[in-house]
1. If the cut-off is 16 Å between C-alpha atoms, which lysines fall inside it for K330, apart from same-chain ones fewer than 8 positions away?
2. What ³J(HN,Hα) values, in whole Hz, does the Karplus curve 6.51 cos²θ - 1.76 cosθ + 1.60 give for region 361-378 when θ = phi - 60°, with x put for Gly and Pro?
3. Past 18 Å, Cα to Cα, is the threshold; run K244/K376; K103/K274; K220/K376; K59/K119; K350/K376; K71/K274 against it and keep the listed order.
4. Once amide H atoms are placed 1.01 Å from N in the peptide plane, what residues at a sequence separation of 5 or more from Y325, or on another chain, have their amide H within under 5 Å of its amide H?
5. Within region 174-279, report the GluC sites (Glu not before Pro) that DSSP leaves as loop and that have at most 10 other Cβ atoms within 10 Å.
6. If amide hydrogens are placed 1.01 Å from N in the peptide plane, which non-local residues have theirs closer than 5 Å to the one on H259?
7. Kindly provide the trypsin sites (Lys or Arg not before Pro) of region 306-380 that DSSP labels as loop, not H, G, I, E or B, and whose Cβ sees at most 15 other Cβ atoms within 10 Å.
8. Just flag the GluC sites (Glu not before Pro) in region 271-380 sitting in loop per DSSP whose Cβ has no more than 16 other Cβ atoms within 10 Å.
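The values are calculated or read from the model by the stated rules, or taken from the named source; none is laboratory data. These figures come from a predicted structure and were not determined experimentally. Positions of Cβ are generated from backbone atoms using ideal geometry, with glycine treated the same way; all protein chains shown enter the neighbour counts. Heavy atoms of the whole protein, side chains included, go into the accessibility calculation; ligands, DNA and RNA do not. Shrake-Rupley method; radii C 1.70, N 1.55, O 1.52, S 1.80 Å.
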Amino acid sequence: MMFLSLPKLSSVAICFFAATATKVDAFAAPKSMPASKVVGGTINDASSTPQDIFEEFTKFLINHQTDMISKIEQADGSENAFSRDGWGAFANDNDSSDEQQTKSGGITRVIQGGNVVEKGACSLTIIRNGVLTADRAATIQGRQQQQEGDLVVQEGDIYSAAALSVVLHTRNPFVPTFRSDVRIFLVKSASDDSAVAWFGGGSDLTPYYLIDEDISKFHKDLKQMCDSHFPEDNEYNLSHAQMKQFCDEYFYLPARSEHRGTGGIFFDDLSATKATLSFVEDVATGWMPSWLPIVEKNGSKEFTEEQKHWQCLRRGRYLEFNLLYDRGVKFGLANANPRVEGVMVSAPPKIAFDYNHVPAEGSEEERLLKILKEPKDWTV
């Protein structure tokens with residue numbers, strides 16, 4: 001088994017994504033993240049090697065991006081379709097699957113000015129056959145807790161990584177912003193056939209007005225899905241309650257003493273096995289079924305200019321988090337010649353900053369702020 005201190009892993013992994021036009025919100029988890037404990041279906045199982053799992057997962061990501069964009073465009077109902085900005089192995093629509101299985105590349109898809117989605121991005125990134133430098137290898141190796149048979153990461157080892165992320169900023173303030181991602185990080189020994197891989201990802205809501213039954217259903221559906229994969233005393237030492245806590249801890253603005261939204265789940269350092277592959281794919285396939293019913297219910301609600309302005313004020317907090325605290329954005333913008341449009345693709349389309357704005361006492365805006373300062377368990 002291997003455990004990484006995830007803030008340390010972020011310096012290895014984020015550079016691969018933030019510098020290549022995809023913004024992966026959280027490659028670094030809170031320090032309280034427990035080690036995943038593999039008992040059955042070990043990472044070295046010859047029937048499902050880390051490389052096999054990586055290839056299967058990348059194919060899933062490619063197909064899921066296409067499927068998800070189709071569903072979002074259908075729900076949006078406008079003439080505005082997602083643009084396509086491909087690079088590397090995905091530079092052209094007709095790139096061969098052989099190239100996509102051997103070379104790095106990605107696709108950033110963006111929709112703007114839609115009926116439902118005022119701005120949205122769905123980004124795919126696949127990095128293949130990079131070489132770990134001495135300092136990156138030392139960062140990982142220094143945090144390893146090895147068991148017999150584990151790969152000891154060394155300088156010169158080969159890494160690959162893949163991620164799919166989506167951020168949907170809505171036009172109607174009664175529909176929450178939706179953010180999610182799934183990802184995999186693979187390291188292969190340069191000297192033999194040993195390898196190790198980890199999954200990460202999550203899903204969360206940033207509402208502007210609390211419609212309790214919608215947020216509660218979102219969390220209950222996540223809990224049901226997590227519980228089906230990680231029952232009590234499971235071998236991965238993981239639970240929905242932990243993943244909810246990790247999400248609340250990461251998406252937090254300490255200067256404001258408030259959370260960015262009402263949360264969801266967040267996980268990382270999850271050993272890549274066939275069992276965890278099934279879980280991560282279920283996370284991704286559950287994105288649209290968890291969000292689109294809220295769109296259908298509230299997307300046509302009338303709203304006032306004041307309510308739209310409140311949405312823009314809360315979007316300001318969203319951008320604050322991205323620029324001040326999000327490790328992916330900070331790392332991406334610190335690189336030489338960053339692909340700024342890609343790094344900032346998750347930014348809201350319109351924001352507002354009012355000096356010392358205080359919601360009216362007893363208002364729905366004040367009720368939201370109270371929840372953001374003291375998160376609750378929406379599953380009870």
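1. Output for K330: K8, K23.
2. 3J(HN,Hα) across region 361-378, in whole Hz: 4, x, 7, 5, 5, 5, 4, 4, 4, 4, 5, 5, 7, 9, x, 10, 8, 7.
3. Numbers: K244/K376 10 Å; K103/K274 24 Å; K220/K376 13 Å; K59/K119 26 Å; K350/K376 29 Å; K71/K274 27 Å.
From K244/K376; K103/K274; K220/K376; K59/K119; K350/K376; K71/K274, over 18 Å: K103/K274; K59/K119; K350/K376; K71/K274.
4. Under 5 Å from the amide H of Y325: no residue qualifies.
5. Details: sites: E213, E232, E235, E249, E258; in loops: E232, E235.
Answer by residue number: E232.
6. Those lying under 5 Å, H to H, from H259 are L253, K373.
7. Numbers: sites: K308, R314, R315, R317, R327, K330, R339, K350, R367, K370, K373, K376; in loops: R339, K350, K376.
When the trypsin sites (Lys or Arg not before Pro) of region 306-380 are filtered for loop state and at most 15 Cβ neighbours within 10 Å, K350, K376 remain.
8. Numbers: sites: E281, E296, E302, E305, E306, E320, E341, E361, E364, E365, E366; in loops: E302, E361.
Hits after loop and neighbour filter: E302, E361.
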